[in-house]
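All remarks here apply to the structure that follows.
What follows is calculated from the coordinates using simple rules that are stated; it is not laboratory data. Predicted model, so just to flag it, every value in this text is computed and none were measured. Cβ: placed from backbone, ideal geometry, glycine included. Neighbour counts: every protein chain shown.
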Amino acid sequence: MPTAKDSYDIVEPYAPAMIESLRAVGYDLFTAIADVVDNSLTADATEIDIVFFWNGEASSIAVIDNGSGMSEQELIAAMRIGADPTQPRHREDLGRFGLGLKTASFSQCRRVIVSTRTEVSSLWTRCWDLDYVRATCQWRVLRRGSPKAAEYSARIGKSGTAVVWENLDRLVSGTLAESAYDRDVFNDRIEAVEKHLAMVFHRFLQRPRGVTLRINGNPVKPWDPFLSTHPSTQHPEPEILMMKGETVAVDAYILPHHSKLTPQEYADAGGPHGWVAHQGFFIYRNGRLLVPGDWLGLGIKKEEHYKLARIRIDLPNTLDALWGLDIKKSTARVPVELKESLARIGRATREKAVDIYRHRGSVLGRAHAEESLFVWQQKVSHGKIFYRINREHPLIRRILSDAPPDADILKSALRLIEESVPVPLIILNKSQKPESEAVPFEQAASGEVYELAVQLYQALVHTGVSREDAIARLYRMEPFNRLSEFIANLPAILDKRGIR
Ligand SMILES: Nc1ncnc2c1ncn2[C@@H]1O[C@H](COP(=O)(O)OP(=O)(O)O)[C@@H](O)[C@H]1O
Ligand SMILES: [Mg+2]
């Protein structure tokens, strides 16, 4: 503890070096923007406008909200780097360390201008300009903005805040405003940001009378990872776990088999990172998604056949420290006292998910209507099992019907293949090295798989099936019953090649 007798030197951080090191905190564009949006939500904003303005190296990004805004003193405090993270937060607060606004902004730009007004105060503006800090070697926050920032702050209504990023060196340095290519790259980033925000804030966006979030004027549509309104989604009873006197709600969802979804629904439900990545626990803090699918180190790897299992965990912000939550890294660790319960819920959900995933597929015995879907058929004759190539399979049927009438050699070849299936070898390998069995098309180039999809599609259409039916059937056919992402992209490929 300090005493009056202490002698000391005050060693202030060297501003230019300190501020550059803050830039390396590990944000990317998505997490950085989401952090600024967090602040708007904490300030009770109901309308948030994100503007991406393209102008080559003079491009800028702004987040403008209609939240409560700040007085001048509050604005100055908000520009301060660092707050006490052990101070309890208001229950609705999405912040923590008092760093987000600054570190998120600096990770993307060299100048951040904040303008704000409350219902009772006038508009105030402050600016951190890293080059100015460098030149002066002092923690000087400028009391002026820029002409562009003034355009953005003019959009603030009765109360609200505009956070403007200029000098976006990480995003647009070396670009030319006239370059169509540079502009396209910039636009691609906007799309990726939109997907990220649609995911992270989906619950705010889904609420009735919820928050409106727009990017360049277009409302961001929420991405609901649980397909919670789809009739085929399974949703067992939620569980409430207790931890340190606080409740942690755990809500498991098992998503529908892909045959229950339209190709569009299936593609959308994959989310920004795809079906396999978005499985496991989804951790929310105050409704904001922090971890978009992870088995949380409970000894389970992400697998294709678990992908329909998505489990929602709701945490209050009072439990942050115990979960080791880190917004930028999207990671969390399970506190010991919850390990067993979460492992149990995870296991039960995975079991159900695997059942649904396998609902149709590799089993050889199956219903009549599905007969044309599988290449191999199992036949039993006089108690003996035979494997036969399905002559009704659209591709086989097409080969046979296209062949000249005297092409007996083709039929002989099929018979030969059927009679020489290496059953004993397969059984031996499966029992000795079960893990070394390849999944169909595991090593194939995606071009080859697409080629197969196109040919199967054409063969199906050749039998008189409609486009929709053909695509729906492909989802259930080998190997696409396990590689459904290829079919999700098929309509676009057919269109590109002009195949009807
Ligand atoms: N859009 C905003 N509207 C109102 N106040 C804001 C806004 N953005 C930031 N602030 C204020 O600035 C403070 C610092 O923000 P930040 O650096 O993100 O840290 P934290 O969110 O962890 O508190 C916030 O606690 C809040 O008081
Ligand atoms: Mg914050």
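If you take every residue apart from residue 51 with its C-beta less than 14 Å away from the C-beta of residue 51, what net charge results, scoring Lys and Arg +1 and Asp and Glu -1? Display every interim value, and only then the final one.
Working: positive: 148, 155, 189, 214; negative: 47, 49, 65, 151, 166, 194.
Net of charged neighbours comes to -2.
Counting pairs of Cα atoms in the stretch 1-64, how many percent are more than 13 Å apart? Write down the numbers at each step before the final one.
Values: 1549 of 2016 pairs.
So the portion of pairs separated by more than 13 Å is 77 percent.
Work out from phi, with θ = phi - 60° and the Karplus expression 6.51 cos²θ - 1.76 cosθ + 1.60, the ³J(HN,Hα) of each residue of the stretch 474-490, listed in order in whole Hz, and give x for Gly and Pro.
4, 4, 9, 8, 5, x, 6, 5, 10, 10, 4, 4, 5, 6, 4, 8, 4
When only alpha-carbon atoms count, how far does the stretch 15-219 stretch along each of its three principal axes, as whole angstroms with the largest first?
Largest to smallest, the principal-axis extents are 44, 42, 31 Å.
For residue 290, what residues show an amide H to amide H distance below 5 Å, using hydrogens built from the backbone and excluding near sequence neighbours?
Amide H neighbours of residue 290: 283, 284, 285.
Would you mind pulling out the separation of the Cα centroids of the stretch 461-500 and the stretch 234-289, in Å?
Each part reduced to its Cα centre gives a spacing of 28 Å.
Just how far, in whole angstrom, is the stretch 391-444 from the stretch 115-150 if you go by their alpha carbon centroids?
71
Determine the calculated [θ] at 222 nm for the chain from helices alone, applying -39500 (n - 2.57) to every DSSP H run no shorter than 4 residues and normalising by the residue count; nearest 500 deg cm²/dmol.
On the way: 19 runs with 186 residues, N = 500.
Rounded to the nearest 500, the figure is -11000 deg cm²/dmol.
If Rh is defined by the Kirkwood formula over all Cα pairs and Rg also comes from Cα, what ratio Rg/Rh do you get for the stretch 126-178?
On the way: Rg = 13.6 Å, Rh = 13.1 Å.
Taking Rg over the Kirkwood Rh, I get 1.04.
Restricting things to alpha carbons, tell me how big the stretch 239-358 is in terms of Rg and Dmax, in Å.
Here Rg and the maximum Cα pair distance are 14.3, 45 Å.
Return the sequence-ordered ³J(HN,Hα) values of the stretch 233-248 in whole Hz as given by the Karplus equation 6.51 cos²θ - 1.76 cosθ + 1.60 applied to θ = phi - 60°, using x for Gly and Pro.
Per-residue couplings from phi come out as 6, 8, 9, x, 3, x, 10, 10, 9, 10, 8, 6, x, 10, 9, 10 Hz.
Please give the net charge around residue 130, taking every other residue with its beta carbon less than 10 angstrom from that of residue 130, where Lys and Arg add +1 and Asp and Glu add -1.
Summing Lys and Arg as +1 and Asp and Glu as -1 gives 0.
Mind jotting down a quarter of the surface of the convex hull over the alpha carbons of the chain, in square nanometres, one decimal? Intermediate values should be presented prior to the final figure.
Values: hull surface 135.4 nm².
Its Cα hull, projected and averaged over all orientations, spans 33.9 nm².
Counting Lys and Arg as +1 and Asp and Glu as -1, what is the net charge of the other residues whose Cβ lies under 9 Å from the Cβ of residue 282? Numbers along the way, then the final one.
On the way: positive: 310, 312; negative: 294.
For residues surrounding residue 282, the net value is +1.
Could you work out the relative contact order of the chain, using alpha carbon pairs under 8 angstrom and six or more residues apart, expressed as a whole percent? If you can, show how the numbers build up before the last one.
On the way: 785 pairs, mean separation 57.1, N = 500.
The value is 11 percent.
Short version: ³J(HN,Hα) in whole Hz for each residue of the stretch 181-197, in order, from phi by Karplus 6.51 cos²θ - 1.76 cosθ + 1.60 (θ = phi - 60°), x for Gly and Pro, what are they?
Running phi through 6.51 cos²θ - 1.76 cosθ + 1.60 with θ = phi - 60° gives 5, 4, 5, 5, 4, 4, 5, 4, 5, 4, 4, 5, 4, 4, 4, 5, 5 Hz.
As an exercise, use a Förster radius of 45 Å and the Cβ-Cβ distance of residue 195 and residue 384 to find the FRET efficiency, rounded to the nearest 0.05.
Numbers: r = 55 Å, r/R0 = 1.21.
E(calc), rounded to 0.05, equals 0.25.
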